[in-house]
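So the structure is just underneath, and the comments pick up after that.
Readers should treat all values here as calculations from the given coordinates under stated rules, not as data from a laboratory. Keep in mind it's a predicted model, so treat the numbers as computed, not measured. Every residue, glycine among them, receives a Cβ derived from its backbone with ideal geometry; neighbour counts consider all protein chains shown.
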Amino acid sequence: MARRPETPGIVPDWPAPSRVHAFQSDRASGDLEALREALDLPAEPCWLTQVHGIEVARPDAGERGAVADAAVTAQAGIVLAIRTADCLPVLLCDRAGTVVGAAHAGWRGMAAGVIEATVAAMAVEPGGIIAWLGPAISQQAFEVGPEVRAAFVDSDPGAESAFRPGAGDRHHGDLVALARRRLHAIGITSISGGEWCTATDAARFYCYRRDGETGRMASLVWLG
């Protein structure tokens, strides 16, 4: 696992091989555009133009702006990057340390299959993949309409367990539970993280639902 940098943030605690490095920024981490210098990254992060879809980019070093909600690379020194402020960032690597992936898993992208698309693009056996789930809005704060519940439950009745009733026709959805369910379904059982709520920890995290226009956190993963 990567040495913890001096820059404030989270170093994922997951059983990744030593060649895999990852970092999760928070409000105290500073300007995302300055992370390369602050973290001594091997290259500028490959920021995506995220659209809540399932497109998976395969960036070259320094590539910026690809329209996609996930990225995969088997090349050392390419820093994959996801921006979030409530949606769930999912970082992935294989146990051999040959490939890494990152996915922006809001409810729309997750329901459409962004996690599955990212794993498929990694082109390794899913049982050999390790996942880490970053900060996201928690179930208690994520009240949604019936269309969100239907987007998951209509194709997977068991996903009902990730929703609890709210007022009227509203439900509270658990993005972390939904992600874990989808990862398990494709054979990934080593899953870490997922314990941070962007909505309730205002001192540490940005939250679009709480604040409206707000900043973003970055989830980074790369091969050394």
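Close amide-amide hydrogen proximity is noted between residue 66 and 49, each under 5 Å apart and 5 or more residues distant or on a separate chain (H modeled in the peptide plane; Pro and chain starts excluded).
Only Lys, Arg, Asp and Glu count, each charged at its Cβ (+1, +1, -1, -1), so figure out the dipole size of the chain about its Cα centre, rounded to 20 debye.
280
Express as a percent, rounded to the nearest 5, the fraction of DSSP beta bridges in the range 20-223 (both residues included) that run antiparallel. The answer is about 75 percent antiparallel.
Find out how many positive minus negative residues lie around residue 162, taking Lys and Arg as positive, Asp and Glu as negative, among other residues whose Cβ is under 12 Å from that of residue 162.
Charge balance in the 12 Å sphere: +2.
Straightening the chain between residue 209 and residue 108 buys 34.8 nm, computed as 0.36 nm per residue apart minus the Cα-Cα spacing.
Exposed loop sites here are GluC sites (Glu not before Pro) in DSSP loop states with at most 11 other C-beta atoms within 10 Å. What is the longest stretch of the chain lacking them?
Result, exposed sites excluded: 7-194.
Determine the calculated [θ] at 222 nm for the chain from helices alone, applying -39500 (n - 2.57) to every DSSP H run no shorter than 4 residues and normalising by the residue count; nearest 500 deg cm²/dmol. Value at 222 nm, helices only: -5000 deg cm²/dmol. Label-to-label distance for residue 11 and residue 150 is 4.7 nm, based on points extended 7 Å past Cα in the beta-carbon direction. Mean projected area of the convex hull spanned by the Cα atoms of the chain, taken over all viewing directions: 11.0 nm².
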